[in-house]
Amino acid sequence: MTISRAPTPDISPLTLKDTSGEAEAEGGPETFVRTDLYEERQTPESGIGAFATSLISSGTRIFCEESIVMLPDYAGQLELHRMVKALPDDKQKMFWNLAASSKPGKAVAWIDLLRASCGDDESDTFNNLVEEYERAWSIYETNRFTCRSLDGASKSLGMFPMCARINHSCAPNVFHRYSPSINRLTIHALRDIQPGEELLTSYIDICHPTVIRRQLLKHWGFRCRCTACDSSDDEEDHRRRRIEDLFNKMANREKKRERNEAKWTEKDYERSFANVSKAIKLLEEEGMEETDTLGVVYAAAVKLGLKLRREEEAVEWAQKVVEIEVKCLGTDSKEYQTALQLLETAKSARQK
């Protein structure tokens, strides 16, 4: 049971190195999995999961995996099946062994295209062929990860079979993201993970309140039973609603600033900064101080702090961004490089 984002006419299969029309990093580090740190076990409700066998320190890179399938987000059943069939036998076996929890889609136009492309031999077993295509698509929808290009302009969906063993929690202890600078999906420990703990990532934005998270998770066909979802603490859910509301306010104010920055006063920046400060406080209260989300908010605090001539604090916040990106993504990520640039900007402003 694993990772995707929202569910997604005729293209050629694309390789991992050419998903955006631009050259990404050449090669990348070797695929590796720290099997010395975890083992796979059957779970009562979530299929196979990964469990720590020894202490995993915060920031440890546990997975660094290359995709076996990578398609644009607009690709369909025919493109997927063609790519899977082109895989080496061992990679095909990895694909077909993955869980399939999503239901067949309502779209049927692809079936007509498949029928038109079938020869006489395939037509005799056409229904079986359709079932195979539907199963492939269900596996793909259940286990695909969002993969963005270096500039963030284009999005593909990739299959990473080893990373796909990591189950979901709205209170995750690991963080996953595709890194275009190294052409790999990485998974890092968000905090120290004790032996026996299951490694859990989040398939969705965990800042949503419980009712919305449950709706989003229906795509994978399960009801989350994590500590955040089963909590009877109404205040906890209220905090997540407030966090979501603050993020919307922050985004709206940023749009206003971009449209009319020349007329923005110190008071306008103070209002924006107040929203950011509240978001940081709530994220920490909700136990999200170990996630990449907090890094994004601290980065916003740095930029606003510099506008408000709070250079010393801006440097401290920028250092926090660097620490968070190292922990969540590693020093070979574009996010880490961006964080370093932000820190240098803050330091330069402090020296003036």
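Of note:
- Efficiency of FRET from Cβ geometry, R148 and H238, R₀ 45 Å, rounded to 0.05: 0.90
- Taking other C-beta atoms within 10 angstrom as a stand-in for reagent exposure, K218, K347, K327 fall in the order K218, K347, K327, fewest first.
- Around the amide H of L200, modelled in the peptide plane, lie the amide H atoms of N173, V174, all under 5 Å away and 5 or more residues distant in sequence or on another chain.
- Cβ-defined net charge surrounding R225, 13 Å radius [Lys, Arg +1; Asp, Glu -1]: 0
- Label-reachable residues, the stretch 249-282, where backbone N falls under 20 Å from a point 7 Å from R309's Cα toward its Cβ: 262-274
- Violating pairs (Cα-Cα greater than 26 angstrom) within the set K218/K320; K249/K303; K278/K327: K218/K320
- Based on the Kirkwood approach, the hydrodynamic radius assigned to the stretch 294-344 is 10.5 Å, with every pair of different Cα atoms included.
- Normalised by the number of residues in the stretch 32-204, the mean separation of alpha-carbon contacts (under 8 Å, six or more apart) gives a relative contact order of 35 percent.
- Working value for the stretch 32-204: equivalent-ellipsoid semi-axes of 33, 18, 14 Å, each the square root of 5 times a Cα gyration tensor eigenvalue, largest first.
- Cut-off 10 Å between beta-carbons: net charge of the residues surrounding I212, Lys and Arg +1, Asp and Glu -1: +2
- Contact order normalised by residue count of the stretch 232-351, Cα under 8 Å, 6+ apart, percent: 21 percent
- Using equal-weight Cα scatterers in the Debye expression, the normalised intensity of the stretch 232-351 in log10 at q = 0.16 Å⁻¹ is -0.80.
Here, each number is a calculation from the coordinates, and none is a lab measurement. The structure presented is a predicted model; accordingly, all values stated were derived computationally and were not measured. In this analysis, Cβ positions are derived from the backbone assuming ideal geometry, glycine residues included, and neighbour counts consider all displayed protein chains.
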